[in-house]
Amino acid sequence: MNKLKEIEEIKQLKSRYFRCLDAKDWPGLAACLTEDVTFDYPPGKIHVSGSEQLIANFSNRHATTVTAHTGSMPDIELKDAGHAEGNWFMTDYIIGMNEEKQQTITQGFGRYFETYIRENGKWLIKSILLERSLIVNPQVKIVLPK
C-alpha cells in the first residue's frame with residue numbers, strides 16, 4: 001500500500017465533496033458517500049443516516065442558499081488497506097434569508113471528523129461528525145451576482 005497515494009485520494013475525495021455541495025451537484029455528492037453514511041452535527045441536533053436521506057437534508061436546507069466550504073490541515077490516518085480516519089479544519093460561508101426575508105451571511109469554523117472506507121477501488125466517506133468552534137452571523141446587506 002502506497003500511503004501517500006491513498007492519503008492523496010482521500011484529500012481529493014474531500015475536495016469533490018465540498019465542490020459538489022457548493023455547486024448543489026447532488027448526484028456528484030452522493031458519489032462521495034457510502035450508502036449507509038452517517039452525518040452528525042450536535043449543535044444543530046442533526047443526525048442523518050443514509051446517503052439518500054443526507055442528500056435530501058442538504059438539498060432542502062440549502063435550496064435557497066449560496067455556500068462556500070473549505071477544508072484544510074487534514075490529519076488522515078490509514079487504519080488498513082480499506083479503512084481510514086480523517087480530521088479536517090473547516091470554514092464555511094452560508095448566504096441566505098432569515099424569517100424576515102433579510103439577507104444573512106453566516107461564517108462558521110470548526111472541524112470535520114470522518115471515517116472512510118475503500119469500496120470497489122475508491123475511497124468513500126462513511127461517517128461525518130461536524131463540530132463547530134465558532135459561528136459568526138452578522139446582519140449585513142449582501143449583493144449576489146446575477
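None of the figures in this text is laboratory data; all of them are computed from the coordinates on show. Remember, it's a predicted structure, so these values are computed and weren't measured experimentally. Glycine also receives a Cβ, built like all others from the backbone with ideal geometry; neighbour counts cover every protein chain displayed.
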| said: Rounding to the nearest 10 and keeping the result within 0 to 90°, find how far the Cα-based axis of helix 3-23 lies from the longest principal axis of the chain. | reply: 20
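Full-extension gain between GLU99 and GLU119, please, as 0.36 nm times their residue separation minus the C-alpha to C-alpha distance.
On the way: separation 20, 0.36 × 20 = 7.20 nm, distance 4.25 nm.
Stretched out fully, the GLU99 to GLU119 stretch lengthens by 3.0 nm.
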| field | Gain in span if fully extended, GLN53 to GLU8, counting 0.36 nm per residue against the direct Cα distance | value | 13.4 nm
| Helix 51-61: angle to the longest alpha-carbon principal axis of the chain, degrees 0 to 90, nearest 10? | 20
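Which three numbers, in whole Å and largest first, are the semi-axes of the equivalent ellipsoid of region 27-81 derived from its Cα gyration tensor as √(5λ)? Working shown, then result.
On the way: eigenvalues 94, 50, 35 Å².
Each semi-axis is √(5λ); the values are 22, 16, 13 Å.
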| message | Test of the criteria: in region 37-117, which trypsin sites (Lys or Arg not before Pro) are in a DSSP loop and have at most 15 other Cβ atoms within 10 angstrom of their Cβ? | response | LYS45, LYS101
| message | Along its three principal axes, how long is region 3-136 when you only count alpha carbons? Whole Å, largest extent first please. | response | 51, 27, 24
| field | Gain in span if fully extended, GLU131 to ALA63, counting 0.36 nm per residue against the direct Cα distance | value | 22.2 nm
| request: Please find the FRET efficiency linking LYS79 to ASP25, where r is the Cβ-Cβ separation and R0 is fixed at 41 Å, and quote it to the nearest 0.05. | output: 0.90
